Amino acid sequence: MPEPVTDAATTAGTGAVSALAPGCAGCEFQKDLLASSRCDPGDACIQVQNSRRIDGFLKRNPHLAERYLFDSRWEQRAVAARYASQSALKPLLFDDDEAVRRTVAYRVPVDWLDALMHDVDREVRITVADRLPAERLEAMVVDPDYLVRVYVARRLPVGRLFRLIADPDEQVRKEVARRLPPQSLALMAYDENLQVRQTVAERMDPAGATLLLRDREWLIRYLAAAKAPPESLRGLLDDPVEEVRELVRARLAGG
């Protein structure tokens, strides 16, 4: 899972103008850090509302990160959460800003993630689904967002995937079809989505493929005919699609 992006300019959208760094004269770090190149008003500054420069500052001075975990500015909190010790992050599980919680979800011990399992922000829940131990993911199979359920379907133990076979979103069902054991794919042979059935046809064992020989889509019939037992194929000799008929003739002839 990629680390959350917290750049203020990015969040504001295209054309956003980053806040200008204030003068260094009144800054408490001017005497020690600026003189030793541990801060730089154009590249590493904690006083601005620009995540890139805040990050530059805390990367050079990670020992100061915890000082900014409860700053009134969300940019400072979000970046500080990247550098502070894990033990200091627990209060930020309930931060008002989703960018802060995204960073926290990426960094905290997995034992703390239950607090974020139902977060209002989709990206937070995706991070949780990506990090939780697989055996604890079943609680997220009913998440209201399809993309969260896609991550769940990718990592849920195979034996627990059956709850997602009839998921309302085809992207989730495709993930299930990619992971179910071949002998269980018959349960998805009549899925309404062509791409789901294609995955099923490509992974089914020969006996199961017979269920797809009368599929309404010629591609599915073709894939099924390529692996189904030859004795089950005679009904396709008059298939309306030449490619299917040609494949059936070749297989019946032993080709």
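What FRET efficiency would be calculated for the residue pair His63, Cys24, taking the C-beta separation as r and a Förster radius of 22 Å, to the nearest 0.05?
Values: r = 20 Å, r/R0 = 0.92.
According to the calculation, E is roughly 0.60.
DSSP loop (so not H, G, I, E, B), at most 14 other Cβ within 10 Å: list which trypsin sites (Lys or Arg not before Pro) in segment 155-192 pass both filters.
Values: sites: Arg155, Arg160, Arg163, Arg173, Lys174, Arg178, Arg179; in loops: none.
When the trypsin sites (Lys or Arg not before Pro) of segment 155-192 are filtered for loop state and at most 14 Cβ neighbours within 10 Å, nothing remains.
Percent relative contact order of the chain, based on C-alpha pairs within less than 8 angstrom and at least six residues apart?
8
Return the loop-located GluC sites (Glu not before Pro) in segment 182-255 (DSSP other than H, G, I, E, B) with at most 13 other Cβ atoms within 10 Å of their own Cβ; answer none if there are none. Walk me through the numbers on the way to the answer.
Values: sites: Glu192, Glu202, Glu217, Glu231, Glu242, Glu243, Glu246; in loops: Glu192, Glu217.
The qualifying sites are Glu192.
Please sort 37-48, 94-105 by packing, taking for each peptide the average over its residues of neighbouring beta carbons within 10 angstrom, highest first. List each step's numbers first, then the result.
Details: 37-48: 18.0, 94-105: 21.8.
Ranking, from highest mean packing down: 94-105, 37-48.
Run the paramagnetic zone check for Asp32: 7 angstrom along Cα to Cβ, then residues of segment 42-73 with backbone nitrogen under 18 Å.
Hits in segment 42-73 for Asp32 at 18 Å: 45-47, 57-69.
Near the amide H of Asp40, under 5 Å away, which other amide H atoms are found, from residues 5 or more places off or on another chain, if H is placed in the peptide plane?
Cys45
When Rg/Rh (Cα atoms, Kirkwood Rh) is calculated directly from the model, which label among [x] 1.05; [y] 1.23; [z] 0.94 fits?
After the calculation, the listed value that fits is [y].
From the Cα gyration tensor of segment 80-134, with a ≥ b ≥ c the square roots of its eigenvalues, which class applies: rounded if a/c is under 1.5, or else prolate if a/b is larger than b/c, or else oblate? Don't jump to the answer; show the numbers that get you there.
Details: a/c = 1.73, a/b = 1.21, b/c = 1.43.
Oblate, because a/c is 1.5 or more while a/b does not exceed b/c.
Quick check on the exposure proxy: order Ile165, Ile126 from fewest to most C-beta atoms within 10 angstrom.
On the way: Ile165 17, Ile126 22.
Result, fewest neighbours first: Ile165, Ile126.
Need one number: nm distance between label points at Leu219 and Arg155, each 7 Å from Cα along Cα→Cβ, rounded to one decimal.
3.0
Rule-based calculations on the coordinates, nothing more; no lab input. All values reported here derive from a predicted model rather than from experimental measurement. Every residue, glycine as well, gets a Cβ built from its backbone with ideal geometry; the counts of neighbours run over all protein chains shown.
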